[in-house]
Amino acid sequence: MTNLPKPGSLWRQDVEFPPMPALQGAVHVDVAIVGGGITGITAAYLLKQAGKRVAVIEAHRVGAGVTGETTAHISALLDTRYYNIESDFGKDGAKLAAQSQNEAIEQIAHIVRDLQIECDFTRVPVYLYTEQPQAVDEIKQEIEAARRAGLNAAYTEQIPLPFSTKGALWLPDQAQFHPLRYLFQVAAAIPGGGSHIFEHSRIQDIQDGSPCQVKTEEGSVTADTVIMATNVPPGLHVVDTEVAPYRSYVMALRTDDIIPEGLYWDTEDPYHYIRWANTGGERVLLVGGYDHKVGQNDDTESAYRALYEYAQRHFQVNAVVGRWSGQTYEPADSLAYIGLSPGAEHVYLATGYGGLGMTYSNVAARLLTDLIMGRPNPYADLYSPARIKPLASAVDFVRENVNVMKRFVGDRLSSEVDSFADIPTGEGRIVGSANAQIAAYRDESGELHMLSPVCPHMKCIVQWNSAEKSWDCPCHGGRFTPTGDWIEGPPAHNLTPVQVKSEQSDQS
Ligand SMILES: Cc1cc2nc3c(=O)[nH]c(=O)nc-3n(C[C@H](O)[C@H](O)[C@H](O)COP(=O)(O)OP(=O)(O)OC[C@H]3O[C@@H](n4cnc5c(N)ncnc54)[C@H](O)[C@@H]3O)c2cc1C
Ligand code: FES
């Protein structure tokens with residue numbers, strides 16, 4: 001394989017957000033919003049417009065989460081098929097879902113217009129296509145279901161891609177944009193008038209109450225209401241068992257192929273997705289896919305290799321100018337969870353968007369704003385985290401949790417290498433077995449960093465991610481730096497450093 005660039009989102013090279021202060025001391029607002037991604041920032045914007053004082057509290061920097069790693073297809077066609085949504089939530093549920101997604105596209109367009117945001121917001125069609133003749137029926141089934149749900153979908157065999165395809169669902173008037181140009185300009189409207197954005201402020205504790213309190217190491221915010229806009233809620237929540245973490249991979253290509261602007265997805269499982277983007281200083285073709293469960297691929301570089309080979313088979317690849325990956329959470333049934341956190345009175349959550357967080361984040365921001373303002377919202381029941389799981393979802397629910405249990409037990413019995421000496425420079429491995437496992441990372445200078453591999457969230461064993469150089473937890477997607485600092489996901493603490501007897505580490 002050609003030499004690929006170091007992993008890192010190209011969007012982040014294009015635009016910077018001015019630094020915001022860290023939270024220190026005590027602050028009071030109406031609504032505390034944990035997380036400065038597209039969900040938290042959009043909710044903050046709408047709530048401020050509705051007259052609330054808000055504080056966005058972000059662990060890293062605004063846009064540091066998945067919103068900086070997305071491919072930003074903005075579409076009402078969800079990655080769950082509408083015929084599945086129909087079977088899980090009925091025809092009316094599917095109609096409501098489609099309506100909420102359509103409204104989200106219009107609301108994003110509205111915000112772009114209102115704030116005069118320069119983010120390459122462009123209307124484009126979606127093509128859900130297949131290369132397999134046997135998948136055409138599935139596409140036709142989805143067209144019927146999408147049309148019943150109120151979407152203007154049609155069948156076409158005119159698919160403007162430079163390789164052989166068999167048929168597609170075509171849906172006009174969808175959209176794409178530069179996610180961070182959009183995010184940063186919406187975020188710029190938040191500070192002032194009693195509202196704040198705090199960066200480098202990781203929330204470690206959220207207390208429901210009157211008022212609620214959210215705490216970092218150096219400060220706290222009291223508020224009437226809290227929104228956990230953190231991709232997946234921090235800490236222990238019922239919803240942890242209802243969403244499953246996946247990593248998805250993206251490559252930015254230089255190509256001479258002539259492909260009209262559009263959002264292209266295929267019907268493979270996991271699917272490939274394609275769009276043009278102006279990023280990294282040029283127009284590039286973004287090609288994504290090869291999703292796998294977080295911490296459950298022993299060779300994460302293989303996903304990039306597979307994506308590269310896929311790109312080469314389908315396009316004339318002149319160069320790979322960027323690559324990155326990011327994390328999505330798939331819901332146990334077909335739809336996201338947005339609303340009051342089960343068991344809480346004033347703490348809301350939004351998670352389980354799958355690969356469609358651009359529209360879902362907007363649905364969530366409007367829905368949560370309405371709930372907090374005491375206004376009716378037609379989608380409150382549909383997306384409620386407290387919804388009773390329909391029978392169909394029970395199968396996925398059980399499958400995901402059996403998978404978590406297998407990892408919990410199985411990973412305790414196996415090690416990746418027998419001795420520290422087997423760990424190459426710049427890599428990490430699990431050494432030992434049963435209760436004596438160590439997550440060991442050898443840095444570029446050869447020094448070993450040794451950690452307990454036990455994830456502080458629910459005690460699963462982390463796995464080394466060689467492509468992103470991180471420790472990833474297979475159970476709920478907690479991720480840590482090679483030296484154990486938290487990066488993302490529900491764990492509230494870092495991995496614990498451990499001391500190893502000198503005769504063992506001398507083998508290094
Ligand atoms: C490769 C890839 C491609 C994708 N493509 C698409 C696409 O084409 N279309 C689409 O619609 N969606 C897509 N998605 C999904 C979409 O990007 C996400 O669903 C969406 O960005 C989620 O936004 P968010 O604001 O909810 O989460 P995030 O952007 O992750 O924001 C959450 C923020 O919370 C912060 N945080 C977490 N814990 C704490 C804490 N304890 N204290 C303080 N802050 C905290 C994080 O640092 C982060 O900045 C894609 C995702 C991936 C990975
Ligand atoms: S993220 Fe839940 S156990 Fe690690």
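Read-outs throughout are calculated quantities, based only on the coordinates presented, and are distinct from any laboratory measurement. Remember, predicted model here, so these are calculated numbers, not experimental data. FYI the Cβ positions are ideal-geometry reconstructions off the backbone, even for glycines, and counts take in every protein chain you see.
Kindly flag which residue pairs out of LYS293/LYS459; LYS95/LYS140; LYS6/LYS459; LYS293/LYS469 have an alpha-carbon separation exceeding 21 Å in this structure. Mind dumping the intermediate values first?
On the way: LYS293/LYS459 18 Å; LYS95/LYS140 18 Å; LYS6/LYS459 31 Å; LYS293/LYS469 16 Å.
Exceeds cut-off: LYS6/LYS459.
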In nm, give the distance between the simple-model label positions of ASP137 and THR425, each being 7 Å from the Cα along the Cα-to-Cβ direction.
5.7
Taking 56 Å as R0, compute the FRET efficiency from the Cβ-Cβ separation of GLU301 and GLN207 and round it to 0.05.
0.85
Cβ-based net charge around ILE203, under 12 Å, with every Lys or Arg adding one and every Asp or Glu removing one:
-2
Applying a 4.7 angstrom Cβ cut-off across the chain, unpaired cysteine residues come out as CYS119, CYS212
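Which value at 222 nm does the chain reach when only helices count, each DSSP H run of 4 or more adding -39,500 (n - 2.57), with the total divided by all residues and rounded to the nearest 500 deg cm²/dmol? The partial results should precede the final answer.
Working: 10 runs with 133 residues, N = 508.
One gets -8500 deg cm²/dmol as the mean residue ellipticity at 222 nm.
With a 10 Å Cβ neighbour count serving as the proxy for reagent exposure, in which order, fewest first, do TRP170, TRP471, TRP464 appear? Walk me through the intermediate numbers first.
Details: TRP170 20, TRP471 28, TRP464 23.
So the ranking, lowest neighbour count to highest, is TRP170, TRP464, TRP471.
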Distance from the range 57-104 to the range 330-384 (C-alpha centre basis), Å
11
Per-residue HN-Hα couplings for the range 76-89, Karplus 6.51 cos²θ - 1.76 cosθ + 1.60 at θ = phi - 60°, whole Hz, x for Gly and Pro?
7, 7, 6, 7, 8, 5, 5, 5, 6, 4, 4, 6, 7, 10
If amide H atoms are built 1.01 Å from N in the plane of the peptide, which residues on other chains or at least 5 residues away come under 5 Å of the amide H of TYR271?
none
For GLY209, distant residues with modelled amide H under 5 Å away:
HIS346
Which distance in nm do the two modelled labels at ARG283 and HIS28 give, with both placed 7 Å along the Cα-to-Cβ direction?
5.5
Please compute the net charge surrounding PHE315, taking Lys and Arg as +1 and Asp and Glu as -1 over other residues with Cβ under 12 Å from its Cβ.
-1
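Please report LYS6, LYS215 as a ranked list, fewest other C-beta atoms within 10 angstrom at the top and most at the bottom.
Numbers: LYS6 8, LYS215 19.
Placing the least packed residue first, the sequence is LYS6, LYS215.
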By Cβ neighbour count within 10 Å, fewest first, CYS455, CYS473, CYS119 rank CYS119, CYS455, CYS473
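Looking at the chain, send over the antiparallel percent of its DSSP beta bridges, to the nearest 5.
Details: 73 of 97 bridges.
Among the beta bridges of the chain, antiparallel pairing accounts for roughly 75 percent.
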Apply the Karplus curve 6.51 cos²θ - 1.76 cosθ + 1.60, θ = phi - 60°, to the phi angles in the range 243-248 and return the couplings in whole Hz, x for Gly and Pro.
10, 10, x, 10, 9, 10
Once amide hydrogens are built 1.01 Å from N within the peptide plane, the residues lying 5 or more places from GLN132 or on another chain with amide H under 5 Å from its amide H are LYS166
How far apart, in nanometres, would the label points at ASP269 and THR496 be if each is projected 7 angstrom from Cα along the Cα-to-Cβ direction?
4.0
Among 68-79, 246-257, how do they line up from the highest to the lowest mean number of other beta-carbon atoms within 10 Å?
68-79, 246-257
Cα centroid separation - the range 293-310 against the range 134-208, whole Å:
24
From the phi angles alone, apply the Karplus equation (6.51, -1.76, 1.60; θ = phi - 60°) to the range 29-46 and give each ³J(HN,Hα) in whole Hz, x where the residue is Gly or Pro.
9, 6, 10, 9, 10, 8, x, x, x, 5, 5, x, 5, 5, 4, 4, 4, 5
